[in-house]
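Below you'll find the structure, written out as structure tokens, and then a few comments.
The values are calculated or read from the model by the stated rules, or taken from the named source; none is laboratory data. Please read these numbers as outputs of a predicted model, since none were measured by experiment. Don't worry about glycine lacking a Cβ; one is built from the backbone with ideal geometry, like all the others, and counts go over all protein chains shown.
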Amino acid sequence: SEAPSRVVACVVAAALDEVRHRAKAAGVDEVELGSAGGDRLIVDGLLDLAVADVVAAERDTLPAAMSG
């Protein structure tokens with residue numbers, strides 16, 4: 001869950017070491033949840049979804065809820 005004490009950030013692979021360094025320097029714990037690439041969203045051991053399905057679910061959920 002996201003709360004004031006938690007943040008989910010998307011970071012390009014080339015910047016990951018820098019983000020980790022800055023988090024450590026600031027005393028902030030960090031953990032890599034998974035990766036996105038190509039046409040799949042993968043969170044190791046948790047989910048493996050087609051990006052198109054994720055986009056459609058996000059795009060269509062609120063309009064569908066509001067149209068009823």
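What's the number of the condition Leu16 fails, among (1) outside any loop (DSSP other than H, G, I, E, B); (2) more than 16 Å from the chain's Cα centre (by Cα)?
(2)
Being among the aliphatic types (A, V, I, L, M), modelled with pLDDT under 90 and part of a loop (DSSP other than H, G, I, E, B) is the filter here; which residues of the stretch 21-56 pass it?
Hit for the stretch 21-56 is Leu33, nothing else.
Which of the residues spanning the stretch 14-35 are without any contact (Cβ under 8 Å) to a residue 12 or more places away in the chain and of a type in the set (A, V, I, L, M, F, W, C)?
Residues satisfying the conditions are Ala14, Ala15, Val19, Ala23, Ala25, Ala26, Val28, Val31.
Go through the stretch 19-36 and give me each residue that's over 12 Å from the mean Cα position of the chain (by Cα) and either within 17 Å of Ala52 (Cα to Cα) or of a type in the set (A, V, I, L, M) (or both). It would help to see each step written out before you state the result.
Kept after step one, since they are over 12 Å from the mean Cα position of the chain (by Cα), are these residues of the stretch 19-36: 19-30.
Answer for the stretch 19-36, where residues must be over 12 Å from the mean Cα position of the chain (by Cα) and either within 17 Å of Ala52 (Cα to Cα) or of a type in the set (A, V, I, L, M) (or both): Val19, Ala23, Ala25, Ala26, Val28.
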